1. Are any of the residues in region 37-45 of a type in the set (Lys, Arg), open to solvent by 70 Å² or more (accessible area, probe 1.4 Å) and either in a loop (DSSP other than H, G, I, E, B) or within 24 Å of Val193 (Cα to Cα) (or both)?
2. Restrict the check to region 151-166 and report whether at least one residue is over 20 Å from Glu194 (Cα atoms) and in contact with a Gly (Cβ under 9 Å, 6 or more places away or on another chain).
3. When the residues of region 110-154 are filtered to those that are open to solvent by less than 20 Å² (accessible area, probe 1.4 Å) and modelled with pLDDT under 95, which remaining residue is nearest to Met177 (Cα to Cα)?
4. Suppose we filter region 142-169 for residues that are within 15 Å of Gly107 (Cα to Cα) and either more than 15 Å from the chain's Cα centre (by Cα) or touching a residue at least 40 places away in the same chain (Cβ under 8 Å) (or both); how many remain?
5. Quick test for you: out of Val57, Val32, Val18, pick the one residue that is under 21 Å from Ala198 (Cβ atoms) and free of Cβ contacts under 8 Å to residues at least 40 places away in the same chain.
6. So, in region 155-193, how many residues would count as being under 25 Å from Pro91 (Cβ atoms), open to solvent by 30 Å² or more (accessible area, probe 1.4 Å) and aliphatic (A, V, I, L, M)?
7. Out of (1) among the charged types (D, E, K, R); (2) open to solvent by less than 20 Å² (accessible area, probe 1.4 Å); (3) more than 21 Å from Met158 (Cβ to Cβ), what's the single condition that is false for Arg19?
Amino acid sequence: MAAPILHSYFRSSCSWRVRIAFALKGIDYDQVPVNLIKDGGLQHTEQYKAVNPMQQVPALQIDGLTLSQSLAMIEYIDETRPGPRLLPDDPKERAQVRMISDLIASGIQPLQNLYVIQKCGTDKVQWAQHFISRGFEGLEQILKQTAGKYCVGDEISMADICLVPQVYNAERFKVDMEKYPTIKMINQTLVEVEAFRASHPSCQPDTPDDLRA
């Protein structure tokens, strides 16, 4: 079976989610870098639009499919590959994992991704800080109810896969993480897990030399 092909950008949080999922499952895959900045963004080329008409990363070619949303990719990987489960068997916990994942992937991250930030003029940092902080205020309260060692109980799930890249973005935009102790605690635990370390933006094939760990 051919290795999956992940079209990604080193600092894309959505791409990072899928890299984490592959790492947790122990799955080998090939990466095709898509530089979102060079020459106005290689995601806008006709070649890439044929892969992902939304002109976004990531895109995943796997099992004869081309998928273009990170949560759909993670769920497909979880359903078709062995290894640690990324969504719990218990339906209540599974709903909580999906709720937290959607909150981050739909309610926080899109408001400070590159395409949106580029439209914000000189107020990029303030814009990002506002929407990340607004989302984290709600997420902190939810995690106080659902968390054990990780976002939902004591097993790593898709919710954790979404959390770590979002905290990375928050730190890039100088959000005060002391206001969100539960988020901070879970993130500090997760970033020590090898799958999260190996998939970090600082060590990808397309990471610029000055940003490498």
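1. No, every residue in region 37-45 fails to be of a type in the set (Lys, Arg), open to solvent by 70 Å² or more (accessible area, probe 1.4 Å) and either in a loop (DSSP other than H, G, I, E, B) or within 24 Å of Val193 (Cα to Cα) (or both).
2. No - not one qualifying residue is present in region 151-166.
3. Ala128
4. Number satisfying all stated conditions: 7.
5. Of the residues listed, the single one that is under 21 Å from Ala198 (Cβ atoms) and free of Cβ contacts under 8 Å to residues at least 40 places away in the same chain is Val32.
6. The qualifying residues number 1.
7. Tallying (1) among the charged types (D, E, K, R); (2) open to solvent by less than 20 Å² (accessible area, probe 1.4 Å); (3) more than 21 Å from Met158 (Cβ to Cβ), Arg19 fails exactly one: (3).
So that you can scan it fast, the table gives a plain yes or no per residue for (1) surrounded by fewer than 18 Cβ atoms within 10 Å (Cβ to Cβ); (2) in contact with a Lys or Arg (Cβ under 6 Å, 6 or more places away or on another chain); (3) assigned to a loop (DSSP other than H, G, I, E, B):
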| site | (1), (2), (3) |
| --- | --- |
| Leu60 | no, no, no |
| Met73 | no, no, no |
| Pro82 | yes, no, yes |
| Lys92 | yes, no, no |
| Leu103 | no, no, no |
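The values are calculated or read from the model by the stated rules, or taken from the named source; none is laboratory data. Because the structure is predicted, anything quoted here is derived from the model rather than measured. So basically every Cβ, Gly included, is an ideal-geometry build from the backbone, and we count neighbours across all protein chains shown. What goes into the accessible areas is simple: the full protein's heavy atoms, side chains included, and nothing from ligands, DNA or RNA. Shrake-Rupley method; radii C 1.70, N 1.55, O 1.52, S 1.80 Å.
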